[in-house]
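Heads up, the thing below is written out as structure tokens.
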Amino acid sequence: MLKVGVTGGIASGKSVVGEMLVALGAHLIQADTIAHELMQPGEAVYEEVVRHFGGGILNNDGSVNRSRLAEAAFGVPNSGGPTRIQELNQIVHPAVIRRQNEWMEAIGHKDPGAIAIVEAALILEAGAEKDFDRLLVVTCRPEQRIGRWVARMKVDFETARREIERRMAAQLPDEEKIKAADFVIDNSGSLDGTRAKVKAVYAKLLNDAEKAGKNLQSS
């Protein structure tokens, strides 16, 4: 099995690239989906998040309001005040990393020749790169991030720009992520162009997975 981390800045197109890899035959899990599951009432991560950030982040039914939590963690846009994103990450990251590693291990048992992909924005920031055999970084132009956030969240351009900036401030810049990458996919062009790049990378991943399988058999 080959363990692959797919990462990149916010709204770079990680999910799109992940979907393309799945269409080619890879297995994939999203760290954001894991985090969402861990923040359901009754989960230990949920209890710890509420203890740290208070009941004000909850909806009436007791579930976490992700917008309120984001504001509590990232701070009010343009306020210049301190953020608590590291505090949130210290609660959530260890549990997410454990869960995604358990998932990759389970995939490996079912299919020793599989390519198991974890899509996560903060692989490098969380120090989780050591858990992967290959790291793929997705990039795009800064203005595209804003445009995609406008489309995704149905907000105006200026609101999107502020939100992208405050979230990017908690992430490593693309230049640093690219230095750590085995593969880089520039998602600034057309979907067909990105699909062609993903197909080329996947062929290399298949080759690497095959080599890893042969090495395992001979050891």
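Every number here is computed from the coordinates shown, using simple stated rules; none is lab data. Only a predicted model underlies this, so the values are computations on that prediction, with no experimental measurement involved. In this analysis, Cβ positions are derived from the backbone assuming ideal geometry, glycine residues included, and neighbour counts consider all displayed protein chains.
Worth pointing out:
- Counted without the sites themselves, the longest stretch of the chain free of trypsin sites (Lys or Arg not before Pro) in a DSSP loop having at most 16 other beta carbon atoms within 10 Å is 1-83.
- Out-of-range pairs (alpha-carbon distance over 28 Å; input LYS3/LYS179; LYS3/LYS197; LYS130/LYS204; LYS110/LYS179; LYS177/LYS197; LYS179/LYS204): LYS110/LYS179
- In range of the label at GLN90: residues from the range 34-61 whose backbone nitrogen is under 14 Å from the point 7 Å along Cα→Cβ: 49, 52-53
- Beta bridges per DSSP with both ends in the chain, % antiparallel, nearest 5: 5 percent
- Net charge contributed by nearby residues that have their C-beta within less than 12 Å of GLN90 (K/R +1, D/E -1): -2
- Ordering ALA70, VAL45, LEU28 by the projection of their Cα atoms onto the charge dipole of the chain, which places +1 on the Cβ of Lys and Arg and -1 on the Cβ of Asp and Glu, puts LEU28 at the extreme positive end.
- Rounded to 10°, Cα long-axis angle of helix 142-153 versus longest principal axis of the chain: 70 degrees
- Relative to the longest principal axis of the Cα atoms of the chain, the long axis of helix 44-53 lies at roughly 40 degrees.
- Length gained when the stretch ASN60-ASP186 is fully extended (0.36 nm per residue, less Cα-Cα span): 41.2 nm
- Between 0 and 90°, nearest 10: helix 157-168 axis offset from the chain longest Cα axis: 70 degrees
- Size of charge dipole - the range 1-129 - debye, nearest 20, with Cβ of Lys, Arg +1 and Asp, Glu -1, no other charges: 120 debye
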